[in-house]
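To start, the structure under review is shown below, and the notes come after it.
The values are calculated or read from the model by the stated rules, or taken from the named source; none is laboratory data. Just so you know, these numbers come straight off a predicted model, no measurement behind them. So basically every Cβ, Gly included, is an ideal-geometry build from the backbone, and we count neighbours across all protein chains shown.
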Amino acid sequence: MGMDRREFIKSCSLVAVMGLLYGCRKSAVLGDIASQLSVPELKRFEDEVRLAMSQAKKTLDLVKVPTPCALKIPGASTLNRFGMAIDLDACDGCGKCILACNLENNVPLVPDEDAARGRFMHWVELRGNAPFMCAHCGNAPCERVCPTGAANHTPDGLSAMMYKRCTGSRFCGANCPVQARKFNFNDAQKLGLARQFNREVPLRDKGVMEKCSLCLHRLQNDRLAFKTKLSVAATPEDAEWRGRGVKTACAEACPHKAIVFGNWLDEKSPLVQQTKDRILYAPRELAALDPSVVFMRGSR
Amino acid sequence: MKWLALCFAVVFSFFLADFLMGEPRVPELAPGPIPFDHALHGDSIGLDCAACHTGSRASANAYMPSKADCMDCHRLPLSETADAEAQDSEFAKIDEHPWSHKRHLPDHVVFHHGVHAAAGVSCADCHGKGYMQNRYGAELFNMQSCLKCHRGETFKEKGFKPAATYCAACHR
């Protein structure tokens, strides 16, 4: 025994005090001081979008694809398959969709070194002067390889990302042929790079993948509101939820209405109506994977 | 021996700090400024939960009543007893929002009271009779209890419609 009783008690109490201070690191006083330093202003988000646009890839390799129809996965809905069509004839590459998406989904900023290398967290990017995001493939290569099932497909056609189930293997990101997925390498909240513009969407932790969610929160809210109303359906057709009237943030923000969101399986959806006589395209690498998000140009 | 003692002291102090200052898993219901008793305000006087928890039939959040909700009934003397006058002066003193309801569910979970009410789930099915003891039943809730009903394993006798079981139905 090298230590005498006095020293032992001194070291115990010192360690106890350190433990107590560690224990109250999130308490009212210490916590407040930390959080006041951390909320970035809107201008930084706008500047980052401009920077990303200036570094964007100039080419987008597209091939023709047929009009998406019902999903071929077990349990797929026969009524709803949500998707988007991006009109290349109308889009002028202004980038308003990117900012709208970032604000709607609380997408974090990235540190300067990453920004300089063109590594942003934006869910929508400009490629070939048009907005590019996850295509929500019917036969998604990312969902196939997720070890935890965090990347999965909903019956109504969304490639959903469950952040709390993600363990950060990044296998999905590696398997995506067009690098549509973004990984939270940083703890954005701790670094003061995240801001919760929209309370409907949670902030993501460090170590999870994120990507375009087709504004899942808007679809969920619409579906829940529909199911709550006393449904005295006018026609049997109105008895089921079809997601009519929902628009993604990017589609809403586009000044030229170049992004059309809708339901591929709903005759009345603007998506079906506006793609009827257009030629549809998808990136070469995704054409065989049954994408729900396509590009359109020209007329049939 | 010295190192063993030091290790013990470190581990002990972390446990002590967590015990004293760690957040409990479910925040306990604080007694609040008003001695409200559910037993007096429930079935005994024919009051439905939605009379005070105004969102419980059609909204996501069931809401805690505001002072205006209480005063809807209490602005009139409800009994002839001597207590009535004392009560009135007490009511004048309370805030507009006597109960603050911090959402207990994490951000990534979507729970909509209205959808469940519309499907025929009664308040007591989830909140139990515990609300009569002024506890909201949070210790009963976890994802497994939700899933069991959504899969049709519990509440079979109530014959609920099959509910969504895919992740994105309830998570963001």
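If we scan the range A:163-174, do we find a residue that is part of a loop (DSSP other than H, G, I, E, B), more than 15 Å from the chain's Cα centre (by Cα) and among the β-branched types (Val, Ile, Thr)?
So far as the range A:163-174 goes, yes, one or more of its residues are part of a loop (DSSP other than H, G, I, E, B), more than 15 Å from the chain's Cα centre (by Cα) and among the β-branched types (Val, Ile, Thr).
Spot the failing condition for A:Arg199; the list is (1) out of contact with any His (no Cβ under 9 Å at 6 or more places or on another chain); (2) within 28 Å of A:Arg144 (Cβ to Cβ); (3) within 14 Å of chain B (Cβ to nearest Cβ), and only one is missed.
(2)
Looking at A:Leu126, A:Leu193, which is the one that is more than 22 Å from A:Leu289 (Cα to Cα), in contact (Cβ under 8 Å) with a residue 40 or more places away in the chain and buried (at least 17 other Cβ atoms within 10 Å of the Cβ)?
None of the others qualify; the one that does is A:Leu193.
Among the residues in the range B:156-163, are any at pLDDT 85 or above, within 12 Å of chain A (Cβ to nearest Cβ) and either in contact with a Leu (Cβ under 6 Å, 6 or more places away or on another chain) or surrounded by 15 or more Cβ atoms within 10 Å (Cβ to Cβ) (or both)?
Checked the range B:156-163: at least one residue is at pLDDT 85 or above, within 12 Å of chain A (Cβ to nearest Cβ) and either in contact with a Leu (Cβ under 6 Å, 6 or more places away or on another chain) or surrounded by 15 or more Cβ atoms within 10 Å (Cβ to Cβ) (or both).
Hey, can you tell me all the residues within the range B:24-74 that are exposed (fewer than 11 other Cβ atoms within 10 Å of the Cβ) and modelled with pLDDT of 85 or more?
Once the filter is applied, which keeps residues that are exposed (fewer than 11 other Cβ atoms within 10 Å of the Cβ) and modelled with pLDDT of 85 or more, the range B:24-74 yields only B:Ala68.
Got a sec? Which of A:Gly118, A:Gly192 is in a loop (DSSP other than H, G, I, E, B), more than 28 Å from A:Ala251 (Cβ to Cβ) and at pLDDT below 95?
A:Gly192
Every residue, every condition in (1) modelled with pLDDT of 90 or more; (2) in a helix (DSSP H, G or I); (3) farther than 19 Å from A:Val294 by Cα; (4) touching an Asp or Glu at 6+ places or on another chain (Cβ under 9 Å), yes or no:
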residue	(1), (2), (3), (4)
A:Val39	no, no, yes, no
A:Asp47	yes, yes, yes, no
A:Ala52	yes, yes, yes, yes
A:Val63	yes, no, no, no
A:Lys72	yes, no, no, yes
A:Ser77	yes, no, yes, yes
A:Ala90	yes, no, no, no
A:Asp114	yes, yes, yes, no
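Here's a check for you: in the range A:209-229, which residue that is touching a residue at least 12 places away in the same chain (Cβ under 8 Å) and over 22 Å from A:Cys250 (Cβ atoms) is farthest from the other protein chains (Cβ to nearest Cβ)?
Selected residue: A:Phe226.
Just give me the residues in the range B:113-125 being touching a residue at least 40 places away in the same chain (Cβ under 8 Å) and surrounded by fewer than 15 Cβ atoms within 10 Å (Cβ to Cβ), in sequence order.
Once the filter is applied, which keeps residues that are touching a residue at least 40 places away in the same chain (Cβ under 8 Å) and surrounded by fewer than 15 Cβ atoms within 10 Å (Cβ to Cβ), the range B:113-125 yields B:Ala119, B:Gly120.
Of all residues in the range A:149-168, which are surrounded by 15 or more Cβ atoms within 10 Å (Cβ to Cβ) and either more than 28 Å from A:Asp266 (Cβ to Cβ) or among the acidic types (Asp, Glu) (or both)?
A:Ala150, A:Asp156, A:Tyr163, A:Lys164, A:Arg165, A:Cys166, A:Gly168 - these are the residues of the range A:149-168 that are surrounded by 15 or more Cβ atoms within 10 Å (Cβ to Cβ) and either more than 28 Å from A:Asp266 (Cβ to Cβ) or among the acidic types (Asp, Glu) (or both).
Under 7 Å by Cβ, and 6 or more places apart or on different chains, what pairs join a residue from the range B:101-112 that is within 7 Å of chain A (Cβ to nearest Cβ) with one that is part of a loop (DSSP other than H, G, I, E, B)?
Hits for this filter: B:Asp107/A:Pro202; B:His108/A:Pro202; B:His108/B:Arg172; B:Val110/B:Cys170; B:Val110/B:Arg172; B:His112/B:Ala60.
Output the number of the condition that A:Lys182 fails; it satisfies all remaining conditions of (1) of a type outside the set (A, V, I, L, M, F, W, C); (2) under 13 Å from the mean Cα position of the chain (by Cα); (3) more than 22 Å from A:Ala160 (Cα to Cα).
Going through (1) of a type outside the set (A, V, I, L, M, F, W, C); (2) under 13 Å from the mean Cα position of the chain (by Cα); (3) more than 22 Å from A:Ala160 (Cα to Cα) one by one, A:Lys182 breaks only (3).
Can you spot a residue in the range A:16-29 that is away from chain B (no Cβ under 14 Å) and modelled with pLDDT under 95?
Looking for residues that are away from chain B (no Cβ under 14 Å) and modelled with pLDDT under 95, one finds none in the range A:16-29, hence no.
Before we move on, is A:Leu265 crowded, with 17+ Cβ neighbours inside 10 Å and touching a Cys at 6+ places or on another chain (Cβ under 9 Å)?
Considered against the rule, which asks whether it is crowded, with 17+ Cβ neighbours inside 10 Å and touching a Cys at 6+ places or on another chain (Cβ under 9 Å), A:Leu265 comes out as yes.
Is it the case, given these coordinates, that A:Phe185 is farther than 28 Å from B:His112 by Cβ, surrounded by fewer than 19 Cβ atoms within 10 Å (Cβ to Cβ) and of a type outside the set (Val, Ile, Thr)?
Against the criterion (farther than 28 Å from B:His112 by Cβ, surrounded by fewer than 19 Cβ atoms within 10 Å (Cβ to Cβ) and of a type outside the set (Val, Ile, Thr)), A:Phe185 qualifies.
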